[in-house]
1. Please arrange VAL135, VAL372, VAL171, VAL392 by counting, for each residue, the other beta carbons lying within 10 Å of its beta carbon, fewest first.
2. Can you put LEU168, LEU494, LEU66, LEU105 in order of Cβ neighbours within 10 angstrom, beginning with the fewest?
3. Mind checking the full-extension length gain between ILE462 and LEU129? Use 0.36 nm per residue of separation minus the Cα-Cα distance, one decimal, nm.
4. With a Förster radius of 45 Å, plug the Cβ-Cβ distance of LEU341 and ARG120 into 1/(1 + (r/R0)^6) and report the FRET value to the nearest 0.05.
5. For segment 420-469 and segment 282-311, write down the distance between their C-alpha centroids in whole Å.
6. With a 10 Å Cβ neighbour count serving as the proxy for reagent exposure, in which order, fewest first, do LYS261, LYS290 appear?
7. Using 0.36 nm times the number of residues separating SER257 and SER361, minus their current alpha carbon distance, what extension gain do you get?
8. Can you flag which of LYS433/LYS490; LYS261/LYS295; LYS324/LYS453; LYS289/LYS453; LYS295/LYS453 are past 26 Å Cα-Cα?
Amino acid sequence: MCDAVSRKHSEMGDGTVPELEKIHKNGTTDNGKELSASNDEYLNSNQRSPFRRQAIISFGVFMLTLGAGATSGISAILIPQLQHAKGKKAFSVELVSWVAAISSLALFFGNLMSGYLMDRLGRRMSSLLLAGTFVAGWLIIGFSNDLMFLILIGRFITGLCQGWLGPLGPVYVGEFSSPAYRGLFLAALSLGIAVGVFMSHLFGTFLHWSISSLLCGLFPLIGGVILYYAPESPSWLASKQRIDECIISYQWYRGNSAAMKTELDKMIADISAKGNNQSKLQIIAANIKKPEFYKPLGIMTTFFVITQLSGVNVICAYTTEMMKELIGSGSTSSHAYAAMLSIDVLRCVSLGAACIMLRRSGRRPMAIFSGVFTSLSLISLALYLYLNDSGVIHHISPFISLGLMAFYIVVSNLGICPLPWNMVGELFAVETKGVCSGISVMMTSVAFFGVVKTAPSMFRSIGHHGTYLFYGLSTLCGTIFLFLCLPETKDKTLLQIEEHFRYGKKKNDSKETDNI
């Protein structure tokens, strides 16, 4: 394999002996650093450190994700403080409502630009640019001094960054992480959203919204500092034919074991064989009919829509109203706010458990398990509320209604919520990963806006029980689709996942057997 890669680069006319051949044969790099057994200390440290290095860089992306979660959560404390500020000019309801809505609008534009920037600039450089823009948005909010147009500008910028990070974070982490740890690191990104929401609520409970905004700006700042010292994604470097840099980056992230060298050989040979002489539009046109392009794109787009139709973001947007309905006539505002914070904590705990489970269990069984029980919890809650509305049950028992809601929060965050963000960094081929991840995540922004926007009218027209029934049946139909179409990606390399779509399961299994 190494000789094949060497011949490939000789044909490309680079005029030098490839770095990969040096590592395998001579064990040295251009600057003379020895990578063979003659330098045991270097090799041993490189063998021990891959997980630690991957975890550190994943933590940098995690901090960016905290900023995205805080963007979703900050409006819950920003709007009430603006409306009840003493001695300040009263803001209209319509104007204040834009504080919550404008970041959702900006998500779409962030999704549009994310794929282009990550392919054009690279995963690392795009992340650094994102971090700087994110910090600027939080600073504008923090120093706006109650000027509404500055608050709206800051909210638009942070919403733009939230949409920008949607495809970028999972793709970057998915490309540099080992198959054994990829599920853990990608699940942590979903956990970061929940933790960011909780932290913004916690800051706003005790501090003024301007101070809370500045504190939220520390999240992307810390993330940017960490990623400044990170190498670029090896897959992206290989796709740009920067093979020497790809090898150095790959070894920094993954070590020098024999298995890693074999995987590196295969990745470089596969990407180099495709070439990179075409424009981005030509590459898309050449790949659009390939199964490794349209199959994962269809699966991930549908998966993201299923997530939104399960109602997870409706719960976040209308927590107070929904909790009052579930508690019954004895509910108060303090009860509703207490329920909101309880849901934040429960969501974080559930996503933390999902991170551990994804390390040990496959994506496919978790998706099916979560989908089945999410739909059952919603349908059961709808039935219970219908019996109350029809008079069969005279009084709502908060123990039952809130218990069903708590069960829904747990099971949905064990699979349906985090898995699309995990798998968007795994399923797509390297050369089309930017545009495919951008399209699929863009669809979740459209579905997010549509579901959240229509929820109040659904509550009024078909009631809370009818709305929950719609979400439950939608989730059930989506789970059937996932059962039929979703592949397993646990412990598989990105190349193996691509070959699964390219050749099909049976043919791919026979190829792997032949290689053995």
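1. Working: VAL135 24, VAL372 17, VAL171 29, VAL392 9.
Going from least to most buried by this count: VAL392, VAL372, VAL135, VAL171.
2. On the way: LEU168 29, LEU494 23, LEU66 26, LEU105 16.
Starting with the residue having the fewest Cβ neighbours, the order is LEU105, LEU494, LEU66, LEU168.
3. Numbers: separation 333, 0.36 × 333 = 119.88 nm, distance 4.51 nm.
Residue separation times 0.36 nm, minus the Cα-Cα distance, leaves 115.4 nm.
4. Values: r = 41 Å, r/R0 = 0.92.
With a Förster radius of 45 Å, E is 0.60.
5. For segment 420-469 versus segment 282-311, the Cα centre distance is 13 Å.
6. Numbers: LYS261 20, LYS290 14.
Least crowded to most crowded, the residues run LYS290, LYS261.
7. 35.0 nm
8. Working: LYS433/LYS490 19 Å; LYS261/LYS295 29 Å; LYS324/LYS453 20 Å; LYS289/LYS453 35 Å; LYS295/LYS453 30 Å.
Distance filter (> 26 Å) returns LYS261/LYS295; LYS289/LYS453; LYS295/LYS453.
We did not get these values from a lab; they are worked out from the coordinates using the rules stated. Fair warning: this is a prediction, and the values are worked out from it, not measured in the lab. Counting neighbours? That spans all protein chains shown, and the Cβs are built from the backbone with ideal geometry, glycine included.
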